[in-house]
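Step one of this worksheet: look at the structure below.
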Amino acid sequence: MAISRRTFLKGMAAGGAASLIGPGLLARSATASVSVEGTWKMAGSHWGAFKALVKGGRVAEIKPFDVDRYPTDMLNGIKGLIYNPSRIRYPMVRLDWLKNRENGDRTQRGDNRFVRLTWDSALDLFYEELERVQKHYGPWALYAGATGWRQTGQMHSCGNHMQRAVAMHGHFVKKVGDYSTGAGQSILPYVLGSTEVYSQGTSWPLILDNSKTIVLWANDPYKNLQVGWNCETHEAYEYLEQLKGKIADGSIRVISVDPVRTKTQKYLGCEQLYINPMTDVAFMLALAHTLYQEELYDKAFIEAYALGFEPFMDYVLGRAEDNTEKTPEWAETICGVPAGEIREFARLLASDRTQLIFGWAIQRQQHGEQPYWMGAVLAAMLGQIGLPGGGISYAHHYSSIGVPASGASAPGAFPRNVDAGKTPKYDNADFKGTNDTIPVARWIDCLLDPGGKIQYNGSEVTFPDIKMCIFSGCNPWHHHQDHNRMKKAFHKLETVVTIDYSWNATCRFSDLVLPACTQFERNDIDIYGSYSNRGLLAMHKLVDPLFHSRTDFDIFTDLCRRFGRHDEYAQGMDEMQWVKKLYDECKDANSVEVSSPSGPKVRFPMPEFEQFWQDGYVDFGAGDPWVRHADFREAPEVNALGTPSGFIEITSRKIDRYGYDDCKGYPTWMEKAERSHGGPNSDKYPLWLQSVHPDQRLHSQMCEADEYRATYTVQGREPIYMSPQDAKARGIADGDLVRVFNDRGQLLAGARVSNDFPTGVVRIHEGAWYGPVDASIGALDTYGDPNTLTMDVGTSKLAQATSANTCVVEMERYTGEAPAVTSFGGPQMVEL
Ligand SMILES: Nc1nc2c(c(=O)[nH]1)N[C@H]1C(S)=C(S)[C@@H](COP(=O)(O)OP(=O)(O)OC[C@H]3O[C@@H](n4cnc5c(=O)[nH]c(N)nc54)[C@H](O)[C@@H]3O)O[C@H]1N2
Ligand SMILES: Nc1nc2c(c(=O)[nH]1)N[C@H]1C(S)=C(S)[C@@H](COP(=O)(O)OP(=O)(O)OC[C@H]3O[C@@H](n4cnc5c(=O)[nH]c(N)nc54)[C@H](O)[C@@H]3O)O[C@H]1N2
Ligand SMILES: [Mo]
């Protein structure tokens, strides 16, 4: 296998690539022969299931799948996702790394200078590096922890392909948790017995029929339900529309607790309760204080279903060691809500049936565990957990949760793991006393501090010494915080391999980049409706893989060929055989007979595969409404929660025993490392930067769609939303370029002045493509990725999750000559 570097360099330069760079793609395809008719094909995506008209080998038109009555505008970005100048055309290798490999000058990483490779040379290099790192260092030096929003489709689920192939070669470091709900999914098992965040919630029809008050707490479902984990069909919007009607006729009151006037508030026409950012726990403690003082809380419920109320109330009443009573007057100075309004709000919550619905951004901040725990405590005090239209939900803004689920079996996926009993090529599982799994948001800490120790959820984690990372189906140079700190960490890495279809910043900071194709260039199946599991969709390949891109399946089959395990990897099947196998297994699982008045019948009949593939989908039908925690309410001893005691834990002995200073035995208010509105560091940086999820993208996906991006950018940059007061105070007008900065970094963005934002609050959507002027630390980001500015600390010793939303900044009108945006259009191609 070993080829000398010299022969390799000679054989590899595949020639004449530079001439193909630039927007030639669109021009060339326009001249391709086009049949008048074309063919409509069925396809799916996170943005929705849809039909595509394919003409002359090109996607010409897109229209939503008939079932989807509330399609998102983002379908307009699909064509631009396939055809854009940022598509990765060939396997590419970073210039300095090609010449010097691990002995190169790693400060050049990020300079975006790359050399084109043939597929054979690229996969040889990939394999050589796997061998070198496994042999020389062992499994603790290789990180292949897949996390991220891979495209839809069960067969081609790309993280599975990457991890299965790498696992056949040897052991590696993995991750635990995710960026979405890291704090929530860690704290809630102690409190309510499950993660809650990914659990099915009470069905919307029951909420609409029974709730009198709905609190949308840090939650913007109208914006965030546009995308789903599977092929979305947006059924939840039907219920939002009904809710709008009920607000209008006065039968339901909806209050959105949010510093910002959200898209949902504007759509529903509901009320907003303004609160200072990151101060919800102070507000909630004062609500508990009022409920207690005014005897509005449900004593019987607390006695029957919850534990640890007294120690918590001692804290609220000022009998704990901090000696501070959590009165509305105390809270007002922190959260900015007048004491009188806090009392009114508490009375409202207790007056009738109230459904609390939390979003997730509020736990993506320092001490993000606390608002979730405190939400559960409030819900317990209101005593409506397990009743239709009452209690608490942590997920009605996500992937059609709350739409009654069909109950059908979903298809399986291409296997992630190596088949039991088959040992990898390097069966060395010696991590030298370090951990083989790290909390996902702490991987940069790990790179910077090998051998370092952190506390995590009741145990200690020792960081392994990672030398090589493999990324597939994720974009860490968008998703992780504090890019300048990331640069320092990446200087320590010997090898970075990325598999993607778009040349984003992660490619720029990699050594070897392999072009995958998009989901529209391969065949697959997936459910539609996400959590509602409404049916099964045939995802037809629309066009052939563009340029030299290949399916992840192909790429990793060929990688495994290099160590003789390709047959085992693919199990001797090709793409369509896999798709059919997953369908047939799903059909079998759904063929179970159930009794019905007219005798036994198959509840979810599915046709033969060929028929399904031609029809494009199978509908499973609507499901039955359901109430979360109803079984627990009915019989708490029999249907005990998964907490240590089986009850709701207002105080957790287990957490208390961990002895953490930043997550105590009951929910507490803790000041943040930095905070606007009079909090720490606000003298220097008075603006809170919230980096919430984009209205017109899925994270960084679709940012590359040039025409679609142009519908929202300002002078070609990502918008920064701000209040008229903050703009005026700095001489900024709508449409100006602004420089946004703090001690961690600086970026350019385009000003959008809006009354939706209060003084002291600015917003840049996450997922804006990072485009530094050069590879240096501190370099100006020319497009506006908020993670240039965010803080990289764990939420607490409990969850060690991301604190992305704890971030303060200052901004100024940018008057210098503006540097060109460097984010798009691929690498700078260098010929040898
Ligand atoms: N500041 C801030 N940062 C955040 C957040 C925030 O609120 N604020 N939110 C966090 C959250 S909740 C999340 S979930 C993360 C999201 O972080 P990611 O999931 O990493 O974000 P995506 O932009 O969806 O990146 C997916 C990447 O996979 C590639 N890809 C998709 N499908 C395939 C495939 O089939 N094959 C291959 N090879 N590649 C594919 C896409 O092109 C894209 O580059 O971001 C986190 N980061
Ligand atoms: N369009 C679109 N939809 C998406 C996604 C996407 O990228 N685009 N991503 C999906 C994914 S992966 C995830 S994880 C979810 C994310 O879902 P969430 O994390 O719930 O969504 P965000 O949009 O980040 O924030 C929701 C609201 O929280 C408010 N908020 C932030 N901090 C505070 C606070 O301290 N207090 C209060 N009271 N309010 C606060 C914000 O102002 C915002 O209105 O969305 C999913 N849906
Ligand atoms: Mo997420």
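The values are calculated or read from the model by the stated rules, or taken from the named source; none is laboratory data. Bear in mind the structure is a predicted one, so any value in this text is a computation, not a measurement. Neighbour counts are summed over all protein chains in view; Cβ atoms, including those assigned to glycine, are modelled from backbone coordinates with ideal geometry. Accessible surface areas use protein heavy atoms only, side chains included; no ligands, DNA or RNA. Shrake-Rupley method; radii C 1.70, N 1.55, O 1.52, S 1.80 Å.
Computing the accessible area with a 1.4 Å probe over protein heavy atoms, can you report the carbon and sulfur percentage for segment 681-813?
Details: 1750 of 3780 Å².
Using a 1.4 Å probe with all protein chains present, segment 681-813 comes out at 46 percent carbon and sulfur.
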Those aspartates and glutamates that a straight Cα-Cα span of less than 18 Å connects to residue 266, excepting residues fewer than 8 apart in one chain = 73, 220, 238, 241, 249, 258, 695, 756
Starting at the first residue of segment 729-745, write each ³J(HN,Hα) from the Karplus equation 6.51 cos²θ - 1.76 cosθ + 1.60 with θ = phi - 60°, in whole Hz, x for Gly and Pro.
-> 4, 10, x, 9, 10, 3, x, 6, 7, 10, 9, 10, 8, 8, 5, 8, x
Could you provide, to the nearest whole Å², the per residue accessible area of the chain with probe 1.4 Å?
-> 34 Å²
Sort out for me the Cα centre separation of segment 151-214 from segment 274-291, rounded to whole Å.
-> 28 Å
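Calculate what fraction, in whole %, of the accessible area of segment 499-629 sits on carbon and sulfur atoms when a 1.4 Å probe is rolled over the protein chains. Each step should come with its number before you reach the end.
Numbers: 2320 of 4920 Å².
Its accessible area is 47 percent carbon and sulfur atoms.
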Residues of type lysines that residue 135 reaches as a straight line, Cα spacing below 30 Å, ignoring anything fewer than 8 places off in the same chain | 10, 99, 174, 175, 422, 425, 432, 453, 467, 487, 488, 492
With Cα coordinates, the longest principal axis of the chain makes an angle with the long axis of helix 339-351, in degrees rounded to 10, of 90 degrees
From phi via Karplus (6.51, -1.76, 1.60), per-residue ³J(HN,Hα) for segment 628-634 in Hz, x at Gly/Pro = 5, 6, 5, 5, 5, 4, 5
Kindly write out, for segment 400-406 in residue order, the coupling ³J(HN,Hα) from the Karplus curve 6.51 cos²θ - 1.76 cosθ + 1.60 (θ = phi - 60°), rounded to whole Hz, with x marking Gly and Pro.
-> 6, 4, x, 7, x, 8, 4
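How many lysine pairs are close in segment 546-690, with Cα atoms under 28 Å apart and the two 8 or more places apart or on different chains? Can you show the working numbers first?
Working: 580/601; 581/601; 587/601; 654/664; 654/672; 664/672; 672/684.
The number of close lysine pairs in segment 546-690 is 7.
Could you give the semi-axes, largest first, of the ellipsoid that matches the chain, computed as the square roots of 5 times the alpha carbon gyration tensor eigenvalues and rounded to whole Å?
Numbers: eigenvalues 356, 206, 155 Å².
Equivalent ellipsoid of the chain: 42, 32, 28 Å, largest first.
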Excluding residue 507 itself, calculate the net charge of residues whose Cβ lies under 14 Å from the Cβ of residue 507, where each Lys or Arg counts +1 and each Asp or Glu counts -1.
-> +3
Amide H neighbours of residue 402 at under 5 Å, excluding residues fewer than 5 places away on the same chain, with H built from the backbone geometry, are 201
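So, with +1 on the Cβ of K and R and -1 on the Cβ of D and E, and no other charges, what is the size of the charge dipole of segment 708-786 about its Cα centre, to the nearest 20 debye? Could you put the intermediate results ahead of the total?
On the way: 8 positive and 10 negative charges, 32 e Å.
I would put it at about 160 debye.
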Could you give P(r) for segment 639-702, binned at 5 Å from zero, as whole percent values over all Cα-Cα pairs?
-> 4, 13, 12, 10, 10, 12, 16, 14, 6, 1, 0
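Using only Cα atoms, what is the ratio of the radius of gyration of segment 705-832 to 2.2 N^0.38 Å? The partial results should precede the final answer.
On the way: Rg = 15.6 Å, N = 128, 2.2 N^0.38 = 13.9 Å.
In units of the globular-protein estimate, segment 705-832 measures up at 1.12.
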Mind checking which lysines have their Cα closer than 22 Å to the Cα of residue 55? Skip sequence neighbours fewer than 8 apart in that chain.
-> 41, 63, 79, 541
Share of carbon and sulfur in the accessible heavy-atom surface of segment 312-419 [1.4 Å probe, %] = 44 percent
What is the local net charge at residue 822, summed over the other residues whose Cβ is closer than 10 Å to its Cβ (Lys, Arg +1; Asp, Glu -1)?
-> -1
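Divide, for segment 308-389, the radius of gyration over alpha carbons by 2.2 N^0.38 Å, where N is the residue count.
Numbers: Rg = 13.9 Å, N = 82, 2.2 N^0.38 = 11.7 Å.
For segment 308-389, the normalised Cα radius of gyration is 1.18.
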Please work out the Cα center distance from segment 592-656 to segment 338-384, rounded to the nearest Å.
-> 27 Å
Share of antiparallel DSSP beta bridges in the chain, in percent to the nearest 5?
-> 50 percent
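Which percentage, to the nearest 5, of the DSSP beta bridges contained in segment 677-804 is antiparallel?
Values: 10 of 18 bridges.
Around 55 percent antiparallel, to the nearest 5.
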Take every DSSP beta bridge with both residues inside segment 449-574 and express the antiparallel ones as a percent of the total, to the nearest 5.
-> 45 percent
Tilt, helix 552-561 to longest principal axis of the chain (alpha-carbon atoms), in degrees rounded to tens, equals 60 degrees
Computed [θ] at 222 nm, deg cm²/dmol, the chain (DSSP H ≥ 4; -39,500 (n - 2.57); rounded to nearest 500) = -8000 deg cm²/dmol
Cut-off under 5 Å, modelled amide H: who pairs with residue 643 long-range | 193
Between 0 and 90°, nearest 10: helix 158-169 axis offset from the chain longest Cα axis = 60 degrees
Show the residues, 5+ positions off or on another chain, whose built amide H is closer than 5 Å to the amide H of residue 173.
-> 142, 143, 144
Alpha-carbon centroids, segment 798-816 and segment 408-468: separation in whole Å = 29 Å
